[in-house]
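Novice: After the structure tokens below, expect a handful of questions from me.
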Amino acid sequence: MKTLHPVPVPVPDRDPRPVPPEPPLPSDCCDSGCDPCVNDSYSDELQYYRERLARWLERHPDAG
């Protein structure tokens, strides 16, 4: 009788590396002095991403 072996199922990563935000297109800014400007929002998102990435790298030092 043939023995069946279970097929390994990949386990989803419970702590994935943070993904950087998409930069705005040059045409996304209307240069009207909006508050907040899309570039300001992107800058805030980028800072948040960098903070999350730094914490993630502390947990995954070999991922550098």
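Novice: Please identify the longest segment of the chain free of exposed trypsin sites (Lys or Arg not before Pro), where exposed means a DSSP state other than H, G, I, E or B and no more than 11 other Cβ atoms within 10 Å.
Specialist: Working: sites that count: Lys2, Arg14.
In short, 15-64.
Novice: Under unit Cβ charges (Lys, Arg +1; Asp, Glu -1), what dipole magnitude, rounded to 20 debye, does the chain have relative to its Cα centre?
Specialist: On the way: 7 positive and 12 negative charges, 148 e Å.
That gives the chain a dipole magnitude of about 720 debye.
Novice: Using a cut-off of 13 Å between beta-carbons, work out the net charge of the residues near Glu22 (Lys and Arg +1, Asp and Glu -1, Glu22 not included).
Specialist: -2
Novice: Please work out whether the chain counts as rounded, prolate or oblate from its C-alpha gyration tensor, where a ≥ b ≥ c are the square roots of the eigenvalues and a/c under 1.5 means rounded, while otherwise a/b larger than b/c means prolate and anything else oblate?
Specialist: Here the chain falls in the prolate category.
Novice: So if we plug the beta-carbon distance of Ser32 and Glu58 into 1/(1 + (r/R0)^6) with R0 = 35 Å, what FRET efficiency do we get, rounded to 0.05?
Specialist: In this case the efficiency is close to 0.30.
Novice: So, in nm, how far is label Leu4 from label Glu22 when the simple model puts each one 7 Å beyond its Cα toward the Cβ?
Specialist: The two pseudo-label positions are separated by 4.3 nm.
Read-outs: derived from the displayed coordinates by stated rules, not from any lab. Fair warning: this is a prediction, and the values are worked out from it, not measured in the lab. Please note: Cβ atoms are built from the backbone with ideal geometry, for glycine as well, and neighbour counts cover all protein chains shown.
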